[in-house]
Each structure stands twice: as structure tokens, then as C-alpha cells.
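All remarks here apply to the structure that follows.
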Amino acid sequence: MKSSVGMKGAAGAAAWRVLAVLLLLGGCASQAQRDDGDARWLTEGGQRVYAPLEDPALSETAIRRGSGEPDWSSLPRNRIAVALSGGGSKAAAFAMGVLAGLDDLDYFAPARGDPALPKVAFVSSVSGGSYAAYFLVSQIVANRRLGPAGQLPGRRSHLDFLFLDGVTHTAPGEVFADGLRQAPAALPFGRDALGSELWAVDGSMANRQQSVVRCAQDVLVPGKCSVSATSQERLKTWGSNLGMLVPTVLTLPLHHLLNSVFDSGISVAPTRRIYQQGVGLTYGSTPLAGYRAPTRPLLGWPRLPCPAPGSEVAAQMHGCFENERSIQEALPLDFAELNQAWREWGGAGSDELPFWVIQASASRYRSIGGWLRGPERDAFVDSFEFTPLSYGSRRYGFVAAPHAGVSVLDAVIASAAFFDANQQVYQQRWQSMGLGLLQHGLNLNWGLDIPNYNVSEVRRRWHRWLPLPIAWLDSAIDNAGREPAERDRKRSAFIRLIDGGSSENTGAVAALRRGIKTLMIVDAAQDKDGEFGDLCYLKQSLEQLDAGKAAGLLPYGQSGQVRLLVPGLADFDNACAKGKPSYALQGTGPAGVPALLACLTTPENEACVAGQMLARILVIKPMLDLQGFAGEWQDAGRPAGFSRCTHGGFLHAAGQAPENCAQTGSSACREAVPCEVGRLLVNADGGWRNSPFPQTSTVSTTGNSSATLYSAYRELARMAVVNSRAALTAAVADDTRFAEMARKQTGHFKSAQGR
């Protein structure tokens, strides 16, 4: 194995380090040592750091083996991965529905049923997808803390209660459309999407978690609980957001002292703290165990769960956002506890806790030098992972231990830090420079600085209080004579973590680089024109890997490059190569084509061929046939065109038999739409024709979400997953059938243009 620094370069570097000692009072960088031939490592704080070598696959394999991760490529095909994309609150709501649908299918704990069923063993998440994954994992861990007291009678798993919620309701014989316009308050029952069982909302567990998430959708207003529609919330929300300007302006002098005059790595952005608190309260808290929804007099129906503060009902609540310690904050969770939880209840234990990879981006630069260079985006190099067992990236190396200085919520916010001067998603250099200066100048940096474990603690301490430009000289002196990769790794005393979408927004890289054979990609970012931009970028990133890197990242024993095929998108290869494709997403529904089927294969294959697929992939995306919604369920002159919402929370066209929908895939389900979606569309501003749903803006949804919008996205995704059961079953058990299903989708979506 070659040394990463030549003899001549090493001598030059040593001379410069002597000068660095004199200037910085001993602030020299740590020196790498050899390990067992697989990776280079540095010892710091008792942790072993694996740094990238000429063959990055070796160090990645070493870190996973050394930290205790299973060999994912050797696990059975029914161990599936779910990648939850970025996209703010929009993606979070849709991802929540995907998780709910998978639980409806019993895919989180197959030991409860057929062991051959698909099993969600791995979850990767980016940005808004990390909100939903954080909810799933934090609630499982919180319940497990209770021990035997947390085991609930009468149900198979605590997971079943995480996704129960009320659906819009009308009394028997009442026309559903009329009920929608009246915006009924709540239901007397929660539900299972596949079954006919009804669960009381005021039970000891039912409807607790989802009622909190539903009513607390304004993450930029922490602790606020409202069940108003989006339009009713708009002025209140933006009024609250304007209130953040005052503390932001007041902290500008301190911010520029700490992060412009000095490079301290200390954030004093009020908006970041508000954002973190909001996400933590909405997705990482739970009502007290004694929570019971208050009921209406005489009728016995529960009132709106978690209503606006100050209302009569709010006074009766035990607390919408309090955790088990009766404190209004997120459930405390660090990576040490997550490490223990996964070892006990995950792959090595009860198999109920999926292995979670939080994907952030570690930018190459974290100052004006990077903004001047413009975007430099690399899906496999820039992705920075936090797992229960390790953390790191290919550029900065990996640490075979859970991070001790970052909480799980810290990592989630880093993964979702879409406001930051170091973003890499802008296409033009002037955009990167202009927006970088603007966000830094206004103290709108939401990213997270963590200590760079490739440099010494002494250097980090001194660097923090060296004023610019001396701080830049510190880096230049320490890196003189080093090779480019090593300079990148040791350029800064800190590693800047920003939104995971800056490197790759689907979250699929974490699963594919581990060789997982069955993957569900939840592509929920804003895409009103059907450009499939994130899927295009993933495709290009995979196909541009050289043979050696592809073989290392995708350990299937293959020696060549790889190719991502999506048969349902006509001429997808050329459309991605030319620029931005445009596919019409409004002409289908979740029951018609609930998931696009795709595969990872070798370059010579033009189709997904049985026996030649390296990975079988389902892409779940927000899609809805709005014209079908109008034609089947709405008549402007006769609102009674809606049939009653009587089964499983779905709205069905007249003349169909809703009870048949218990059999997933039945023709009676083909034109069904979740009631929550119908409620949103009927009450949309300007009517359903002007509704941007299901492709609302990521920014506007995050800044102004609502209970109705959240539940509509959640139930749309839930239905799509449930209706994808046949494809999922084929993906894990029947290559021939999966290949045939993919072939039948060929050209389903036509590209309107390639710009």
C-alpha cells in the first residue's frame, strides 16, 4: 500500500510543521499510523478513525466491519432498506405515511407473521425525511425505556400505535362532501389501514403520537398546536416568523465576532435554535402516559386532539408536547443510547429497531473560499453519515464509535440544515457566492460545526481564537506539502455539516454503498414539473463511478460499472443527459401506479432482467390523478357525488364496493383516494383545480404546514405503499415476476421535453 504522502512532500511538510509549532504553540496535526492493511487510523480520545485511502472501498468496508455493522450484501433479500428523501415538512409528512404503510403491512417485525415477508432492516434519511425517521426511532427507544411496563396488551407491537390517527367522519347516512365542507372536528376512532378494526382515540395509547405531530406542523413556531387549515394558519404563521427577525438582528454583532473575525465554530443563530426546538417537539416528544382526549358532552366523541393553546380543551390536556419527565422538550436521545438500543433490539435482538443512517453533507470548504469556487457536489464523497455504530464520510474518514458530542436531534438538524452559506445545491457560481454572503451576513447558518477528528486538539483550540486572516494561515501552514486528498481532510479545524441534499437528496447512497439488494426510495421533494431531478442525479452519480469504485461501493462480486434503469420513465437516460426532463405526474394515482419499479444492473443491460439485477428498487412519489378525482367524485351541481367515507378511511367512487378494498389490489380500490386527501382538496383555496397538492412547495410547506396538509400527504403515501405490496413481495422473492412487473411499466410516463 502506498503512503499518501511522498518522501519529498513529507520532508517539506515536516519543515512547515516546525514553523507551525512556533507560530501556534504546538498546534500540529495528528500523524496517521498503519493498522491491519485495510485502513489508516488515528487515535484521538480513545476513538479509532479510519481515513480514506487510494481505494475508498477498503476504508468503508473496514469501518463497517470494525464498528459491528452486519454485512448487508450477504443478508437475505427480504431485508429491505427504505430511503427517505429530503424536502422539508412536505417530505416528512409523506415519509411518515410510507412508514405507516409499511407497519400496516407488518414489514417492521415479520416475526409476528410470515418470516419470509419483507423486513425493514435499514432506514436512511435526508433532511425532511430525517424528521420522520427521528419520530420512528425516538418513539421506539422511548417505549423500550419503560421495560415490561411498555409492553401493551391486546396489540402485537408498540409500532402499531405510532401511526394510528382519526380520519374525517360523518354520521351514517350523511353525504361525505357535506361533511368535508363542515370540516368535522375529530373521529371517535383510530384505524388500521388494512383492517376493519376500530381503536378508541381515548385509549391508553391510540392516537397519541399522531395527534401531536398533526397539530404541531409549524416547526418554526415551537410548541404551537393548531388544527386549522393551511389557509387559516398563513397570517398567524408568517406573523410568528417575522418575530424571529428581532433576535436575529440583535445577535448579528456577536455572530460576526465569533464567525467572521474569528473562526470559532460556535453558532449563535436564533433561527437555528428555534428550528431545532420545533422539530424536536413535533417529532421527538410524546404526550404523557395519562393522556386521554376529552370528549364532547352527550355525543361521547373526542374533541380536537391537541388544540390551540388557551382554549377550553387545551386546559383539560395533560400536555401535548411533554415527555415522560413532564418537560416541554424533545425526548433526550444520544448516540450512545441509540448504539445500545440497536444492539439489543435491532439486528442482534428482537429485530424491531431498523438500522438508521442519518445523512448530512460535509462540505469541502466552510468559508468564503468555497463560496467563490461555486458548487462542487459529489454524492459519494460529500455524504456524511451518523449511525448507531459510527460516523464519518469518505472525504474525512470514519470513526468506529457513536459520536459522543452530538445528540441524535443535533444530527437530524444538521441533515436538514437547508439554510446555510455552504450549500452546494446552487448551479451557478454567482448563486453560490451571493447566497453564501447573504446567509452568512444575516446569521442564517443552520449547519453544525463538529471538531475535525483529523487534526489535533491543540490545533483546534488555538485555531478557534486566531483572528482572520491568521486562521487561514494556520490551515495553509499545516497543509503545506500534503497531497490534495489529505489537504481536503485537514484544511479546517472543524467539519461543517449541512443539509444532506447538498450531496444527494434521495438518501439512497447509504443503502446502495452497502450492497442492500431491495430498496424503497421515497422521492418526496418538490417536483411540480415531474423533472425527477433527484433521481436523475442519483443515476448520474452511480453511472459515473469508475469500475473500481463501483465494485467497492456495491459489493456484489461485480467488476464493472453499474446502471440505474427506471423503465416507467420513457427515455429516462437521454432525458437526464440532456438536462431536466418533464413527466406528467398528474395523470395517475397511487392505486394505478403506486410505485415506479427500477433496478441497478450492469451497463450492457437495457432492461431489468431476472437474475441480473444488483438491486431491486421501488420509487414512491407523491402522485394523484386530479382529473380523475373530479370526474369520479365531484359534480359541481351535485355535491352528493361523493359516496360516504365508510371503510378504512378511503373515499370511493359511487357504485363500488368499499369492503372489497380490504383485499389490496382489488379493482374496487383502483380509484380510491384517502379521505384526508379528499378533505384537503375540497377545502382548498380556489377549489381543487388550483391546488398544488400533491406537489406543494418545500419552502412554503415547511414554513406554513397544517394539520390538514400533513395528514393528506401521510395518507396518500400510506395508500401508495399498501398498494405496492405485490411489487415489494416480488422484489424480495421472485426476480422473474419483478422483472415482468417492471417491463409492464415501460414508458408509462412520457417525457414532455428535455431541456
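Residue by residue, here is whether (1) in a loop (DSSP other than H, G, I, E, B); (2) outside the structural domain of Tyr537 (by TED's automatic domain parsing); (3) modelled with pLDDT under 95 holds:
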| site | (1), (2), (3) |
| --- | --- |
| Leu372 | no, yes, yes |
| Pro375 | yes, yes, yes |
| Leu389 | yes, yes, yes |
| Gly392 | no, yes, yes |
| Phe398 | no, yes, yes |
| Pro402 | yes, yes, yes |
| Gly405 | yes, yes, yes |
| Ala411 | no, yes, no |
| Ala417 | yes, yes, yes |
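In summary, helices (runs of 4 or more DSSP H) completely within region 442-539 and bearing 1 or more residues that are touching a residue at least 12 places away in the same chain (Cβ under 8 Å), over 28 Å from the mean Cα position of the chain (by Cα) and not assigned by TED's automatic domain parsing to the domain that holds Lys580 occur at 457-464, 470-479, 484-490. Please indicate, with yes or no, whether at least one residue in region 621-628 is buried (at least 16 other Cβ atoms within 10 Å of the Cβ), modelled with pLDDT under 65 and assigned to a loop (DSSP other than H, G, I, E, B). Taking every residue of region 621-628 in turn, none turns out to be buried (at least 16 other Cβ atoms within 10 Å of the Cβ), modelled with pLDDT under 65 and assigned to a loop (DSSP other than H, G, I, E, B). Condition check: assigned to a helix (DSSP H, G or I), out of contact with any Ser or Thr (no Cβ under 6 Å at 6 or more places or on another chain), at pLDDT 90 or above and not charged (D, E, K, R). Does Leu542 satisfy that? Yes; evaluated as a whole, the condition is true for this residue. Going by the structure shown, is Leu333 out of contact with any Ser or Thr (no Cβ under 8 Å at 6 or more places or on another chain), at pLDDT 85 or above and not hydroxyl-bearing (Ser, Thr, Tyr)? It is false that Leu333 is out of contact with any Ser or Thr (no Cβ under 8 Å at 6 or more places or on another chain), at pLDDT 85 or above and not hydroxyl-bearing (Ser, Thr, Tyr).
Under the condition of being outside any helix (DSSP H, G or I), assigned by TED's automatic domain parsing to the domain that holds Ala584 and either without any contact (Cβ under 8 Å) to a residue 12 or more places away in the chain or surrounded by fewer than 17 Cβ atoms within 10 Å (Cβ to Cβ) (or both), the residues counted in region 697-747 number 3.
Are any of the residues in region 78-85 out of contact with any Leu (no Cβ under 9 Å at 6 or more places or on another chain), modelled with pLDDT of 85 or more and of a type outside the set (Phe, Trp, Tyr)? Yes, region 78-85 contains a residue that is out of contact with any Leu (no Cβ under 9 Å at 6 or more places or on another chain), modelled with pLDDT of 85 or more and of a type outside the set (Phe, Trp, Tyr). Only a single item in (1) modelled with pLDDT of 75 or more; (2) of a type in the set (Gly, Ala, Ser); (3) over 18 Å from the mean Cα position of the chain (by Cα) is not met by Gly687, and it is number (1). Going residue by residue through region 467-475, is there one that turns out to be of a type in the set (Phe, Trp, Tyr), touching a helix residue (DSSP H, G or I) at 6+ places or on another chain (Cβ under 9 Å) and under 25 Å from Ala411 (Cα atoms)? No, region 467-475 contains no residue that is of a type in the set (Phe, Trp, Tyr), touching a helix residue (DSSP H, G or I) at 6+ places or on another chain (Cβ under 9 Å) and under 25 Å from Ala411 (Cα atoms). Of everything in region 135-164 that is among the small types (Gly, Ala, Ser) and at pLDDT below 75, the residue that is nearest to Ala92 (Cα to Cα) is Ser157. Just one of (1) at pLDDT 85 or above; (2) within 23 Å of the chain's Cα centre (by Cα) fails for Arg214. It is (1). Return the residue satisfying two criteria in turn: it lies in region 449-462 and is more than 24 Å from Arg272 (Cα to Cα) and touching a helix residue (DSSP H, G or I) at 6+ places or on another chain (Cβ under 7 Å), and of such residues it is surrounded by the fewest Cβ atoms within 10 Å (Cβ to Cβ). The residue in question is Trp462. Put simply, of Thr282, Thr271 the only residue that is at pLDDT below 90 and in a helix (DSSP H, G or I) is Thr282. Would it be correct to say that Val357 is assigned by TED's automatic domain parsing to the domain that holds Arg491, crowded, with 22+ Cβ neighbours inside 10 Å and at pLDDT 80 or above? Considered against the rule, which asks whether it is assigned by TED's automatic domain parsing to the domain that holds Arg491, crowded, with 22+ Cβ neighbours inside 10 Å and at pLDDT 80 or above, Val357 comes out as yes.
The values are calculated or read from the model by the stated rules, or taken from the named source; none is laboratory data. The model shown is predicted, which means the values in this text are computed figures rather than measured ones. Positions of Cβ are backbone-derived with ideal geometry, glycine not excepted, and every protein chain shown enters the neighbour counts.
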